[in-house]
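Down below is the structure, laid out as structure tokens.
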Amino acid sequence: MVLSTETEQKIVTSAEKLFYQKGKAGTSMQDIADDAGINRTLLNYYFRSKDQLFEAVFRKAMGRFVPGLASVMQSDMRFSAYLPHMVETIIDTMIEHPQIPIFVLQELSSNPNRMPQIMREMGIDPRVGFSKFEEEQVSGIFGRMDVRQFFINVLSLCIFPFAARSVITELLYNGDGEAYIDAMKQRKKLLPALIMNSLTEK
């Protein structure tokens, strides 16, 4: 049988929708076959297991923003200029694809080694970011914060509000989804300044 790119993409799209809605554990291969409008035998021809299909969906999710971040990190851009781009890219992606944070957390819980491997394959090399950061520390732009703490802060400040979206929307914005999204957009400008201020030596 000749593989069809169109059929493969249809399968991945159906799996993505169901994994986001029901999680990996709550989705069966038959569910995916039914949603894609194909039989189970054909589905198994393209993807031998649910885990293999889950990885395809996970790579698609990571592919929405990781390669762009990697490309800028590998460029000659100074780290202080890269920071706003990193924050904006992450937040814009989370707004457009709000299921990603929970999806990623599910993957980290079930297969913690896969995400770092995939991110490295997509071009994320922390050593490049570390080097840029340390160069700007030497030049006096950044304080003496551990670079790893810096990255943890950026990721936490960008992603946690999306992982806790339902709680934040209900408790802080009285269930107003539009107000929540407006607040997330404001964070694209707020966070770079907040993070840079945290690097000032006391």
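Computed values, structure above
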| read-out | value |
| --- | --- |
| Helices (runs of 4 or more DSSP H) enclosed by the stretch 1-75 - at least 1 residues per element that are touching a Ser or Thr at 6+ places or on another chain (Cβ under 6 Å) and farther than 26 Å from Gly123 by Cα | 5-22, 29-36 |
| Pairs with Cβ under 9 Å, 6+ apart, first in the stretch 79-99 and closer than 18 Å to Pro67 by Cβ and in the same structural domain as Lys189 (by TED's automatic domain parsing), second among the polar types (S, T, N, Q) and surrounded by fewer than 17 Cβ atoms within 10 Å (Cβ to Cβ) | Tyr82/Ser75 |
| Residue in the stretch 8-15 that is surrounded by fewer than 13 Cβ atoms within 10 Å (Cβ to Cβ), out of contact with any His (no Cβ under 9 Å at 6 or more places or on another chain), in contact (Cβ under 8 Å) with a residue 12 or more places away in the chain and not assigned by TED's automatic domain parsing to the domain that holds Pro101 present | no |
| Unique residue being assigned to a loop (DSSP other than H, G, I, E, B), under 21 Å from Lys24 (Cβ atoms) and under 11 Å from the mean Cα position of the chain (by Cα) when the list is Pro112, Pro98 | Pro98 |
| Cross-chain or 6+ apart pairs with Cβ under 8 Å, the stretch 173-190 first and β-branched (Val, Ile, Thr), then surrounded by 13 or more Cβ atoms within 10 Å (Cβ to Cβ) | Ile181/Ile95 |
| Options Ile102, Ile118, Ile195, Ile90: the member that is surrounded by 12 or more Cβ atoms within 10 Å (Cβ to Cβ), in contact with a Cys (Cβ under 6 Å, 6 or more places away or on another chain) and not aromatic (Phe, Trp, Tyr) | Ile90 |
| Test: residue in the stretch 134-144 that is assigned to a helix (DSSP H, G or I), under 17 Å from His97 (Cα atoms) and at pLDDT below 95 | no |
| Phe130 being within 12 Å of the chain's Cα centre (by Cα) and on the phi < 0 side of the Ramachandran plot | no |
| Residue among Leu171, Leu190 that is over 24 Å from the mean Cα position of the chain (by Cα), surrounded by fewer than 17 Cβ atoms within 10 Å (Cβ to Cβ) and at pLDDT 90 or above | Leu171 |
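The rows are residues; the columns are (1) of a type in the set (A, V, I, L, M, F, W, C); (2) surrounded by 19 or more Cβ atoms within 10 Å (Cβ to Cβ); (3) under 20 Å from Phe151 (Cα atoms).
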residue: Asn39; (1), (2), (3): no, no, no
residue: Asn44; (1), (2), (3): no, no, no
residue: Phe54; (1), (2), (3): yes, yes, no
residue: Phe65; (1), (2), (3): yes, yes, yes
residue: Gly68; (1), (2), (3): no, no, yes
residue: Gln74; (1), (2), (3): no, no, yes
residue: Met86; (1), (2), (3): yes, yes, yes
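The values are calculated or read from the model by the stated rules, or taken from the named source; none is laboratory data. All figures in this text were calculated on a predicted structure; none of them were measured in a lab. Positions of Cβ are backbone-derived with ideal geometry, glycine not excepted, and every protein chain shown enters the neighbour counts.
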